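The structure appears right after this line, and notes come after that.
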Amino acid sequence: MQLPPIGLGTMGIEDPDTIATALECGYGHLDTAQIYGNETVVGEGLARSSVPREDVVVATKVWADSLAPDDVHRTTEESLERLGLEGVDLLYVHRPIEAYEPERTLPAFDELYDEGTIGGVGLSNFSVAELETAADVLEAPIAAHQVEYHPLFQPEDLLAHARENGYPLVAYSPLANGRAGEIDAVVAIAERHETTPEAVCLAWLAAKDGVVPIPKASSREHLEANLEALELELESDELERIDAVERTEELFPE
């Protein structure tokens with residue numbers, strides 16, 4: 001699936017005008033989930049915007065307790081009602097836990113894909129082994145894999161799998177959940193470029209082939225700043241310095 005170079009993570013966003021503003025600023029990828037409780041907000045924001053529906057990738061996720069086949073279909077219909085849409089471009093398995101059984105869950109996603117209700121099957125928070133199992137079961141291709149990815153947590157094995165299999169890796173919490181300013185290497189590089197640590201994190205991720213960051217932002221100022229971060233070009237030694245940051249801090253484990 002071809003995704004815009006940056007998307008909007010919407011967890012915690014409760015104002016539809018934030019969504020509409022993001023679209024007006026130039027975002028073309030909105031990421032929500034059933035467990036976020038704000039699909040209605042995302043849908044209302046999309047409806048308030050003058051940006052054509054076909055110009056926006058809308059993604060949502062089926063939560064772990066709804067991954068039995070009948071629940072996949074039921075909750076997807078409920079998501080569409082909340083979003084006010086006939087279909088979504090990307091539907092993820094949010095986490096491969098609880099009700100997730102590959103041989104039962106994934107055929108339900110295939111059915112939604114075959115009938116055109118969803119434009120692609122996404123996976124989220126999978127291990128390489130779980131990705132391999134899913135690829136064996138799915139008839140549809142893996143459209144995207146969404147994982148936590150920032151300087152303090154760099155799952156290079158998952159990025160390698162994404163590149164080898166030709167799907168994008170969508171990076172959530174790319175600003176280290178507000179901790180970008182605590183990472184010495186990032187702060188030093190930001191000072192050199194007279195920019196923010198957050199911009200450096202996004203520029204670092206965007207420089208990685210096949211990675212699509214989806215930072216959350218609520219104000220127009222931050223929405224625009226995150227877009228502008230894509231214009232920041234880091235030197236190879238700067239990229240390597242961030243790559244070398246100790247990577248032990250998964251902020252959102254299972």
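The values are calculated or read from the model by the stated rules, or taken from the named source; none is laboratory data. Keep in mind it's a predicted model, so treat the numbers as computed, not measured. Glycine gets a Cβ as well: all are built from the backbone with ideal geometry, and neighbour counts include every protein chain shown.
Descriptive notes on the structure:
- Residue count for segment 20-55 under the criterion of being in contact with a Phe, Trp or Tyr (Cβ under 9 Å, 6 or more places away or on another chain), outside any loop (DSSP other than H, G, I, E, B) and of a type in the set (A, V, I, L, M): the result is 2.
- Residue check, Gly28 crowded, with 21+ Cβ neighbours inside 10 Å, free of Cβ contacts under 8 Å to residues at least 60 places away in the same chain, in contact with a Gly (Cβ under 9 Å, 6 or more places away or on another chain) and among the small types (Gly, Ala, Ser): no
- If you go through segment 233-248 and keep only what is of a type in the set (Asp, Glu) and within 14 Å of Ile183 (Cα to Cα), you end up with Glu238, Asp243, Glu246.
- Subset of segment 74-96 [surrounded by fewer than 17 Cβ atoms within 10 Å (Cβ to Cβ) and out of contact with any helix residue (DSSP H, G or I) (no Cβ under 6 Å at 6 or more places or on another chain)]: Arg74, Glu77, Glu78, Glu81, Glu86, Gly87
- Matching option when the condition is at pLDDT 95 or above, surrounded by fewer than 22 Cβ atoms within 10 Å (Cβ to Cβ), under 26 Å from Asn165 (Cβ atoms) and of a type outside the set (Gly, Ala, Ser), among Arg104, Arg48: Arg104
- Counting only helices (runs of 4 or more DSSP H) that fall entirely inside segment 156-254 and contain at least 3 residues that are under 21 Å from Phe126 (Cβ atoms) and out of contact with any Ser or Thr (no Cβ under 6 Å at 6 or more places or on another chain), the qualifying elements are 156-165.
- Selection within segment 54-73: residues that are surrounded by 13 or more Cβ atoms within 10 Å (Cβ to Cβ) and not aliphatic (A, V, I, L, M). The member of this set that is nearest to His29 (Cα to Cα) is Thr60.
- In segment 61-78, the count of residues that are free of Cβ contacts under 8 Å to residues at least 24 places away in the same chain and not in a helix (DSSP H, G or I) is zero.
- Ala207 meets the conditions (1) surrounded by 19 or more Cβ atoms within 10 Å (Cβ to Cβ); (2) under 18 Å from the mean Cα position of the chain (by Cα); (3) small (Gly, Ala, Ser); (4) more than 20 Å from Met11 (Cβ to Cβ) in every case but one. The failed one is (1).
- Filter result (under 21 Å from the mean Cα position of the chain (by Cα), of a type in the set (Gly, Ala, Ser) and under 17 Å from Leu234 (Cβ atoms)) within segment 164-204: Ala171, Ala176, Ala180, Ala199, Ala203
- Screening segment 218-231 for residues that are closer than 18 Å to Val186 by Cβ and out of contact with any Pro (no Cβ under 9 Å at 6 or more places or on another chain) and picking the one that is surrounded by the fewest Cβ atoms within 10 Å (Cβ to Cβ) gives Glu231.
- Checking each residue in segment 10-42 for being in contact with a Pro (Cβ under 6 Å, 6 or more places away or on another chain) and more than 12 Å from Leu83 (Cβ to Cβ) picks out Gly28, His29.
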